[in-house]
Amino acid sequence: MEMSIKRCLVILLLLPIGILQQRISKPKNGKTTVRMAKINEFPSTVVIFDEGNANCGGVILASEWVLVAGNCFIGAEEMDFNNTRISAGSTYLSSGGSWHYVKEAHRSKKSSPFHGGGVGLIKVTPPFYLKGDYIKEAVLPSEELILKPEDVLTIVGHGGLLEEQIYQSDELRKKESKLVDHEECKEDYEFINISIGDTCFCSQVPAAEENRLCLWGASDVTFKDNAVVGLRVWDHNCGGFPNIHVQVSKYVKWIQKKIGKSQKKKKTANK
């Protein structure tokens, strides 16, 4: 498949382990601490379970709609979702919250079956009850959003810490991070034959293993000023390369057209 800078497309090729280790010994440092999220801190986040397994995260946009990364499902329009459930209103994978089922699903045209391929939308049934404290809808960013190096991003997901040697955490976790220059990030990943397009942005990874929150599936949600600005889709085995996030602002028009709602947008662009 031809690599394109028009989409956030990731293609992996194998490299000798020794060469890879030389590169990952220099992570893009960011001073950050991983913490447990409080029950009412990120009430818009959900978890998608497939055949009983937590597959990826997502974020509520309306009473019936969840936003996920495009690589959370492939060919979703043709998939059988009978064994898929969405959990909302809990910070634990193993307990609490309410259960919802897939009514329909859509994937953006700028999607690929590789890591970082666009975004997807899942329509659920029964609808989410949004009037409580633990389940709420997120705010979309402005289409004109320009993320700046000094912006503080909050990444939320169920990833395990590198030092824990576990794939995912039962409890919801959060960490703060900052941007990595896009061209610099592209250069880092070109070293291992991964192409990053202009619908993505990259964030820092801390050098300390005890603070390195690993990607647990797909769609770790990334917030800035309470707006969902990204969905983390790749961190190269938590190995010290920058995190890669799909940039939600690139898909706002598509999202609003699909969900049929002119959602109030939080302006986060340069002033």
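The values are calculated or read from the model by the stated rules, or taken from the named source; none is laboratory data. Note that the structure is predicted; figures quoted are calculated from it, not measured. Neighbour counts are summed over all protein chains in view; Cβ atoms, including those assigned to glycine, are modelled from backbone coordinates with ideal geometry.
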Pick out the one residue from Glu209, Glu150 that is over 20 Å from Ile60 (Cβ atoms), over 13 Å from the mean Cα position of the chain (by Cα) and modelled with pLDDT under 80.
Glu209
Answer residue from segment 112-134, given it is within 23 Å of Tyr251 (Cβ to Cβ), part of a loop (DSSP other than H, G, I, E, B) and not aromatic (Phe, Trp, Tyr) and is modelled with the lowest pLDDT among those:
Pro113
Within segment 218-232, residues crowded, with 23+ Cβ neighbours inside 10 Å and either charged (D, E, K, R) or at pLDDT below 85 (or both) come out as Ala218, Ser219, Asp220, Arg232
